[in-house]
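Participant: The structure that follows is given in the form of structure tokens.
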Amino acid sequence: MPRRKRPSTQHSIEELNMLFQDSLYPTGQVLQPIIELWILRLLISLSGHQRFLSPHGYNNDDLAISLGLQTSPSCDSEFEDLPAEGSTYNPRSALAKLRRLHARAEKTAATREVPATLGANASRLADKLGLDEAERRILEFTVLLHSERSLDDAADFLGGLSTRRVSSVLAIVLDLPEVAVKFALSSKGGLARCGLVTVDINSSSPPLKGKLDVVSLRFVDRMQSEEQDPLQLIRDTVFLSRPGTLARDNYPHAARELEILLPYLQRTLEQHRTGVNVLIYGPPGTGKSEMVRMLASETRSELFEVASEDEEGDPVRGENRLRSYNAAQSLLVSHRALLLFDEIEDVFNDGDGPWGRKSTAQLRKAWINRMLEENPVPTLWLTNSIRCMDQAFLRRFDMVMELGVPPRQERERIVRDHAGDLLDEGTITRIASAEALSPAVIARAAAVISAVRDDLSPDRRGSAMELLVNNTLTAQGHEPVRKHEGALPAWYDPRFVNVDTDLTALAEGLRENRNARLCLYGPPGTGKSAYGRWLADQLGMPLLVKKCSDLLDMYVGGTEQNLAAAFREASQSKSILLIDEVDSFLQDRRGARQSWEVSGVNEMLTQMDNFEGIFIASTNLMQGLDQAALRRFDEKLQFGYLQAEQAWTLFERLCEGLALDTPDASLRIEIDRLKVLTPGDFAVVARQHRFRKFGAPGAVLQRLREECALKEDGQQQSMGFV
């Protein structure tokens, strides 16, 4: 096979590329002229040959063949005056040939450029991001380092590199002033600012490729595949969000925050304010992402999202997500746009706890703080919980808002929108009563029932929907839908409550002034909780019921947060707040033994002082309540056992409701003897009738007598009035 002539310095770039296209790796990969120049600088100028050349041969045969230092079965040596090694190898001779190759490459260095597509894309990015020449050339080199195996192999012969050593290596390979390289790779340089290329300062001494990281490998491919708009080059890590499906009216529980947030974002976009960041947190499925899409629509701006997984569906590390975020900030600076960074736990809570590895944000605390203070594109950060976020980060957000589960009326609307044609009104109301029910759970359950609607009879669809909802709520650690949530007996009347206040008149007064704190106390079953439900019906207000199990938390500070959240939810939804068993939170602080016992009472008192609505606290144990708490209640109403007239009238109504004969007047004497009857006792007997039918009023009387006997000997208490 005839040997080719040596290239001269007069050859054009196209001629050089044509000439070198015949020098292939065994795998068929082309060695570009610029790649050859960089490889030779790595091996000769930076002494990589000391590891490349061993006493017995080349430590990388593919690299040796690509440089023409030895012959492959299908390829002769590159130059006629550099005979192929064949089976004879001499380290000195090999080094001499490497030096001659290097000298010749340096003579044509000015004509050797990166591939045209890479150069064009790099130039566009440099213009868009304001990168200087050194930063552009480092970007080009890094892209090729991550895509060209021969270049990576040659760089490996330098061994592990410190961060300082990387700058000197790049200065020699790219023939740049070292001071320019150091600045380009610094945290203040354009490459770090835009996040496209960063220096790994955490690893001790990895090879060059390990020190120079890129925003994504897809970015590396796109830089070389075709000339594209700069924003398209990172579309796998930052993408245009889909349009939203909800409107501002779908967030009545966030109305006060939105009243501030929407105009603030409008002014930010109009005035090009920097350092604007909003943190939105709340349970999964409450519509945080949809709210951000609504904000983008309301402000007439594009919304871009920082991807949390790559195109293969694999999760993206928090550090890489931050690089994508930086790239987007740089590329979107001239757009009317908002940026969404969801699942920020990847950055702020990806460590191993207080005694283990720090989170990505904690490792770069100063950089994160500066990023939050200087970002040109307004960013909305979403998370399910802020408990593990550093206080130094939280204070740098312009707004921090919690988006909880929508109020009951909104949950009913969501259930109706998704499954109104599948469920009756009673089922819709019952499902919506679950306080932890998020819109996402409703939507998914409704989608399943809609898919199988033809396989279910109409009377089975409601129970099937409840089953799916309950299974998800249980898996999330929440209470399932209650079958009889908030139900009052059809014959309920406040006249059957033994209290020394006209409850009807009280309701009328609260209708005029809906700001009161009521303490209802007395034995179980006397109608305290039932009055709260009746009052809500009379005033046309939703009732938010919180029990001890809903609010107490095993972690220090958790109970206080739950109490604050309950009052906040009631305020946002304009609900009457009823806290049952309030004695669990208002025990006299003088007898407290633990600090958290005092802090819980303090939190309750603070919330009571600040709450502008109707708050009802019910308790069976008035003794031992904190004296300061008692002073804060506007009304303290004692609910007692039924009076004789009330008990008899209620007994007659119960018999009528159970379709029994009218009670004989002789039974009244027996009713009068039951001094501890409560409305709750009648509710218990009514429920018993469902599975053990009573044939006559006398049987009902006997059951009431047994309920009272249980209370009198103190062995058991009756159930609440529900």
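The values are calculated or read from the model by the stated rules, or taken from the named source; none is laboratory data. Remember, predicted model here, so these are calculated numbers, not experimental data. Backbone-built Cβ (ideal geometry, glycine too); neighbour counts: all protein chains shown. The protein model used for the area step is the full one, side chains on, heavy atoms only, and it has no ligands, DNA or RNA in it. Shrake-Rupley method; radii C 1.70, N 1.55, O 1.52, S 1.80 Å.
Participant: Of the accessible area of the stretch 196-296, with the probe set at 1.4 angstrom, what percent is carbon plus sulfur? Kindly include the intermediate steps, with their values, before the conclusion.
Facilitator: Working: 2240 of 4480 Å².
Within the stretch 196-296, the accessible surface is 50 percent carbon and sulfur.
Participant: Evaluate 2.2 N^0.38 Å with N set to the residue count of the stretch 292-398, then give the Cα radius of gyration divided by it.
Facilitator: 1.08
Participant: What's the carbon and sulfur percent of the stretch 520-579's accessible surface, probe 1.4 angstrom, rounded to a whole number?
Facilitator: The C+S portion of the solvent-accessible surface of the stretch 520-579 is 52 percent.
Participant: Round to a whole angstrom and tell me the spacing of the C-alpha centers of the stretch 565-584 and the stretch 155-216.
Facilitator: 56 Å
Participant: Taking the Cα centre of the chain as origin, work out the dipole magnitude from +1 charges on Lys and Arg Cβ and -1 charges on Asp and Glu Cβ, in debye rounded to 20. Intermediate values should be presented prior to the final figure.
Facilitator: Values: 86 positive and 102 negative charges, 291 e Å.
With only Lys, Arg, Asp and Glu charged at Cβ, the dipole is about 1400 debye.
Participant: Rolling a 1.4 Å sphere over the protein heavy atoms, what is the accessible area per residue of the stretch 102-204, to the nearest Å²?
Facilitator: I get 41 Å² per residue for the stretch 102-204.
Participant: What is the sum of charges, Lys and Arg at +1 and Asp and Glu at -1, for the other residues whose Cβ falls under 14 Å from the Cβ of residue 208? Working shown, then result.
Facilitator: Working: positive: 41, 51, 149, 164, 165, 209, 211; negative: 148, 152, 153, 156, 200, 213.
Overall, the nearby charge balance is +1.
Participant: If eta is 0.692 mPa s and T is 37 °C, what Stokes-Einstein diffusion coefficient results for the stretch 171-215, Kirkwood Rh from Cα pairs, in µm²/s? Let's see the in-between values first.
Facilitator: On the way: Rh = 11.1 Å.
Using the Kirkwood radius from Cα pairs, D works out to 297 µm²/s.
Participant: Using alpha carbons only, how many degrees (0 to 90, rounded to 10) separate the axis of helix 503-512 from the longest principal axis of the chain?
Facilitator: Orientation of helix 503-512: about 40 degrees from the principal axis.
Participant: Take the alpha carbon gyration tensor of the stretch 410-450, find the square roots of its eigenvalues, order them as a ≥ b ≥ c, and report rounded if a/c is under 1.5; if not, report prolate when a/b exceeds b/c, else oblate.
Facilitator: Details: a/c = 1.73, a/b = 1.08, b/c = 1.61.
It is oblate, given that a/c is not under 1.5 and a/b is not larger than b/c.
Participant: I would also like to ask the following. What is the helix-to-structure angle for 318-331, meaning the angle in degrees between its Cα long axis and the longest Cα principal axis of the chain, kept from 0 to 90 and rounded to the nearest 10?
Facilitator: With both axes taken from Cα atoms, the answer is about 80 degrees.
Participant: While we're here: Among the listed pairs 188/288; 211/358; 483/546; 188/209; 546/675, which have their C-alpha atoms separated by more than 23 angstrom in this model?
Facilitator: Flagged as over cut-off: 188/288; 546/675.
Participant: So, one more: Need the list of aspartates and glutamates near residue 547 for cross-linking: C-alpha distance under 18 angstrom, and skip anything on the same chain fewer than eight residues off.
Facilitator: Of all the aspartates and glutamates, those that pass the test against residue 547 - Cα under 18 Å, at least 8 places apart if same chain - are 435, 479, 485, 560, 569, 580, 581, 583, 597, 603.
Participant: Tilt of helix 365-374 relative to the longest C-alpha principal axis of the chain, in degrees (0 to 90, nearest 10)?
Facilitator: With rounding to tens, the tilt is 80 degrees.
Participant: Take the solvent-accessible surface of the protein heavy atoms, probe 1.4 Å, and return the percent of it on the stretch 632-714 that carbon and sulfur atoms account for. Intermediate results must be reported in sequence, preceding the final value.
Facilitator: Numbers: 2010 of 4190 Å².
Percent of accessible area from carbon and sulfur atoms in the stretch 632-714: 48.
Participant: Which value in deg cm²/dmol, rounded to the nearest 500, describes the helix-derived mean residue ellipticity at 222 nm for the chain, given -39,500 (n - 2.57) per DSSP H run of n ≥ 4 and division by the residue count? Show your work: numbers first, answer last.
Facilitator: Numbers: 34 runs with 341 residues, N = 722.
Calculated from helices alone, the mean residue ellipticity at 222 nm is -14000 deg cm²/dmol.
Participant: Which whole-number value in Å³ per residue fits the convex hull of the alpha carbons of the stretch 185-282?
Facilitator: Numbers: hull volume 18.2 nm³, N = 98.
Convex hull of Cα atoms, per residue: 186 Å³.
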